[in-house]
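A short reminder: the numbers here are calculations on the coordinates, not readings from a lab. Treat the numbers as computed from the prediction; the structure is a model and nothing was measured. Quick reminder, even Gly has a Cβ in these numbers, built from the backbone with ideal geometry, and neighbours come from all protein chains shown.
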Amino acid sequence: MLLVKIIDINSKLNTRDWFSKNDFFIKIRYNDESRITTTKWNMEKPLWNESFVFTIDTTIKDITLDLYENNKLKSPSLCKSYKSNVNYGDIKPINMGPIRIIIGNIFFKLEKNIENLSYDIKNINSLIYDRDSQLVSQAQLLSKRKNKLESIRNILDS
């Protein structure tokens, strides 16, 4: 699962809203899906701390954030779009223009741990197979020696 957490806008932006402070919201677009933050009314540098989750599709290379100015009297207007490569690795902070976000694969560490455990299991299985082969060889050798000893005992008993 891809986590996208919208943190804030870290710098003042020039917008079309001449009569009041900014009323921003952000639309996140990824893989034909979208999510929208709440509108932060009358804020120059809004703080969201809102998290969104998407199903990962590694064939998708980009994520887009559309910054909108909301207005009670008319429909929202797009201020600017920001596009970035998608981080499918561990969750980390990045800046997309003035927008600070945290993005990454929620299960990245777990998937790496599973991958490492699978590798360890293969190595252990290989060691067990090698040990089993050695034991079979030693058992065969002991069986041959036992047969020789029995042959010698039979010769001595006759």
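Here the chain is treated with +1 on each Lys and Arg Cβ and -1 on each Asp and Glu Cβ, and its dipole about the Cα centre works out to around 220 debye.
Summing Lys and Arg as +1 and Asp and Glu as -1 over all other residues whose Cβ lies under 10 Å from the Cβ of P93 gives a net charge of +3.
Rounded to the nearest 10 degrees, what's the angle between the helix 108-157 long axis and the longest principal axis of the chain, both from Cα atoms, 0 to 90? Between the helix axis and the principal axis of the chain, the angle is about 0 degrees.
When only the Cβ of Lys, Arg, Asp and Glu is charged (+1, +1, -1, -1), the dipole of the range 107-158 relative to its Cα centre reaches about 220 debye.
Take every Cα pair under 8 Å whose residues are at least 6 apart in sequence, average their separation, divide by the length of the range 2-106, and the relative contact order is 34 percent. Annotation: the residues D57, D157, sorted from fewest to most other C-beta atoms within 10 Å of their own C-beta, follow the order D157, D57. As a proxy for reagent exposure, ranking L2, L149 by other Cβ atoms within 10 Å from fewest up yields L149, L2. Listed cross-link partners K92/K112; K80/K112; K45/K72 are compared with a 28 Å cut-off, the Cα-Cα value being larger for K80/K112.
Among D132, D62, D120, the largest mean-square fluctuation in a Gaussian network model of the chain, built with springs joining Cα atoms closer than 10 Å, belongs to D132. In the chain, with Lys and Arg counted as +1 and Asp and Glu as -1 at Cβ, which of these residues, I155, N22, N116, has the Cα nearest the positive end of the dipole, that is, farthest along it? Checking the options against the dipole of the chain, the answer is N22.
All Cα-Cα distances of the chain, cut into 5 Å bins from zero to the largest, leave 2, 8, 13, 13, 10, 8, 6, 4, 4, 4, 3, 3, 3, 3, 3, 3, 3, 2, 2, 1, 1, 1, 0, 0, 0 percent in each bin in turn. List the aspartates and glutamates whose Cα lies under 17 Å from the Cα of K148, skipping any in the same chain that are fewer than 8 positions away. Straight-line reach from K148, under 17 Å: D157.
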